[in-house]
Amino acid sequence: MFLKGKRIVLGVTGGIAAYKAVYLLRLLQKAGSEVNVIMTEAATHFVGPLTFQSLSRRPVAIDMFQLHKDMDIAHVSFAHWADAIVIAPATANTIAKLAMGLADNLLTSTVLDATCPVVVAPAMESNMWSNPATAENIERLRRRGFFIVGPEAGELASGGAGLGRMAEPEAVLGCVRYALSRDGVLRGRSVVVTAGPTREAIDPVRFISNRSSGKMGYALAQAALDLGADVTLVSGPVHLAAPYGVQLVAVETVAQMQQAVLEAIQAADALIMAAAPVDYRAEHTYPQKVKKEETGDTWQLRLVRNPDILSAVALARPSRLKVLVGFAAETEELVANALLKLERKGLDLIVANDVSARDAGFGVDTNRVVLIDRRGGVESWPLLSKEEVAMRLMQRVAELLLRGE
Ligand code: PMT
C-alpha cells in the first residue's frame, strides 16, 4: 500500500513503447496512486489521448497553453501537485531536452519546475542509446538525482535487437516506489536481509533443501526499502523478482550464504535472517549422477551439520551492526524454543512462527508470529499478510536503530 494516495504525473513521449505506458498507468492505479497524464505531441501519434483519459478518468494534458478547469497555469500546477513524475517511455529527444533544462512543451516545463523525484524510463534504438550524446545526457540526469530505469536488451521497433527497449512496467513501478522512499526514516542506514532456502548438493541432479519460498524475506527487503534503507538481499534459490533497488546477492549453499552475510554486515546497521538455511548437508557430494543400479533398493546418506550463520555473525559482529534479528521456525513450544534461540544466537529480536499451521510459515502469503525481544517482551501478532508482518517488524527495527540500540 506504499503507493496508495501518492500523486504521480505520468509523462508519455513519442515512441512505440508508449503502449507500455497504458499498462503502467493501470499498475499505478491498482497500487492506489492518483495519476495525471501529460503527453507530448509526438506521443499522441502512437497512442490516442482518449485511451489514457478513459483509464485515468482525468483530462490528458498535451498543450502548454490549454487551461484546465481546476488548474491555474497548467505546468505550474502539475509540478506542484506531483509527489513524483515518471516519464515512460522517454525518447532520446526528451532526455536531451531534460539534460539541457529546456522547457519547450508541457512535460519538459513541468519537470523543470518540479522539486519531486523524477523517474526516466528511456526507450530508443540501440545506436541512439549508445551515442555519446545520449550517454552524456543520461549521466547528467543521474548526477542531478534523476532515477533512470532500463533500458533493457531485446527486440526493437526497427526489427533489430539490442539495448534500448523500455523497462517493463513492473520495473518502472518499482523504480517509482524506490524514488518515493528515499527520504524515509532509515535513509542512510544499511540493512541486510536473508531470504529463501539453501540447496546442498548430493550429486549433479539431487539436493537437500526445504519449503521456504522466500516470500517473507523478500517482503522484509521491500519494507526496508520503503523506509528508505539501502538494502542487501542475500537470497537462496527462489522464484521471486527482487524488489527494485536492492543489491541482490544470489547464493545456493549455506557456506555461500554465510560468506555473503559476513561480507555484507561489514557495512550494515541491521541484519534480519529470514532465510531457512539447510541444517545438514551430505558428507560426500558425488561428481556424477548416482545410478539406482549402484545404490540398490536403499541408499544410506550420511549428513553433517552445516555451520550456524547467526552464531558466526555474533562472533564477528562489527560495532556498526546494532540490530540482529532472527526467525524461529517451530512446530512445538513456540515461545520457549524461540527464546532459547534468541539467547543462544545473541539476538536482539526473534520472530517465532508456528510452521505447522497451514496459513503461516513456509510458502503461504500470510504469517502469524510472536515477536520476542531480548528483555523478554513477548507480543503475539494476529494473522497478517507477509507484507504487513514485514512492515511492522521493520518499523520495530527502525525504532531500535534510531534509539541507538
Ligand atoms: O520463505 P517463506 O516461504 O516465506 O517462509 C518463511 C520462513 C518460514 C522461512 C521464515 O518465516 C522463517 O521462519 N525463517 C527461519 C527458518 C529457520 O531456519 O528457522 P530455524 O529456527 O531453523 O533457525 C533460527 C534462525 O537461525 C533463523 O533466523 C535462521 O535464518 C538462522 N539459521 C538457521 C540455520 C543456520 N545454519 N544458520 C542460521 O543462521
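Data for the structure
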item: Positive minus negative residues near Leu180 (Lys, Arg vs Asp, Glu; Cβ under 14 Å); result: +2
item: Trypsin sites (Lys or Arg not before Pro) restricted to DSSP loop in region 186-253 with at most 12 other C-beta within 10 Å; result: Arg187, Arg211
item: Listed residues Ile148, Ile202, Ile265, most fluctuating in the chain (Gaussian network, C-alpha, under 10 Å); result: Ile202
item: Under the Karplus curve 6.51 cos²θ - 1.76 cosθ + 1.60, θ = phi - 60°, whole-Hz ³J(HN,Hα) for region 11-16, x wherever Gly or Pro sits; result: x, 10, 10, x, x, 4
item: Alpha-carbon Rg with Dmax, taken over region 93-240, Å; result: 19.7, 64
item: Per residue, the convex hull volume that the Cα atoms of region 190-403 enclose (Å³); result: 131 Å³
item: Cβ-based net charge around Trp381, under 10 Å, with every Lys or Arg adding one and every Asp or Glu removing one; result: 0
item: Added length on full extension, which subtracts the Cα-Cα distance from 0.36 nm per residue, Lys30 to Ala96; result: 20.6 nm
item: Gaussian network model of the chain, Cα within-10 Å springs - most flexible of Ala336, Ala167, Ala121; result: Ala336
item: Relative counts (whole %) of C-alpha pair distances in the chain, using bins that are 20 Å wide; result: 25, 45, 27, 3, 0
item: Within region 190-403: Cβ-based charge dipole about Cα centre, in debye rounded to nearest 20 (Lys, Arg +1; Asp, Glu -1); result: 260 debye
item: Neighbourhood net charge (11 Å Cβ-Cβ; Lys/Arg +1, Asp/Glu -1) for Ala274; result: +2
item: Distant-in-sequence amide H partners of Gln247 (H built 1.01 Å from N, under 5 Å); result: Val231, Thr232, Leu233
item: Chain lengthening between Val304 and Met1 when straightened (0.36 nm per residue, less Cα-Cα); result: 104.7 nm
item: Choice from Ala79, Ala275, Ala133 with maximal GNM fluctuation in the chain (Cα, 10 Å cutoff); result: Ala133
item: Residues with amide H under 5 Å from that of Phe207, placed H, sequence gap 5 or more; result: Ile202
item: Amide proton proximity set for Val37, modelled H, under 5 Å, gap of 5+; result: Leu10, Ala61
item: Whole-Hz ³J(HN,Hα) from phi, Karplus 6.51 cos²θ - 1.76 cosθ + 1.60, for region 155-166, glycine and proline x; result: 5, 10, 4, 5, x, x, 9, x, 7, x, 5, 4
item: Mean Kyte hydropathy of -0.5 or more with a Cα span along the axis of at least 27 Å, helices from DSSP in the chain; result: none
item: Check: the chain dipole with +1 on Lys, Arg Cβ and -1 on Asp, Glu Cβ, in debye; result: 320 debye
item: Filtered trypsin sites (Lys or Arg not before Pro), region 99-168: DSSP coil and at most 16 other beta carbons within 10 Å; result: Arg144
item: Greater than 24 Å apart at Cα, pairs in Lys4/Lys322; Lys20/Lys386; Lys215/Lys341; Lys4/Lys215; result: Lys4/Lys322; Lys20/Lys386
item: Theoretical gain in end-to-end length, Leu248 to Ser158 [0.36 nm per residue, Cα-Cα removed]; result: 29.1 nm
item: Anisotropy class of region 298-373 from Cα gyration tensor, a/c 1.5 cut; result: oblate
item: Three-way shape call for region 235-276 based on the alpha-carbon gyration tensor, with the a/c threshold at 1.5; result: oblate
item: Per-pair calculated FRET efficiency, R0 = 22 Å: Ala241 and Ala201 via Cβ, rounded to 0.05; result: 0.30
item: For region 7-181: Kirkwood Rh in Å [reciprocal of mean 1/r, alpha carbons]; result: 15.8 Å
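Read-outs throughout are calculated quantities, based only on the coordinates presented, and are distinct from any laboratory measurement. Because the structure is predicted, anything quoted here is derived from the model rather than measured. Virtual Cβ from ideal backbone geometry, glycine too; neighbours counted across all protein chains shown.
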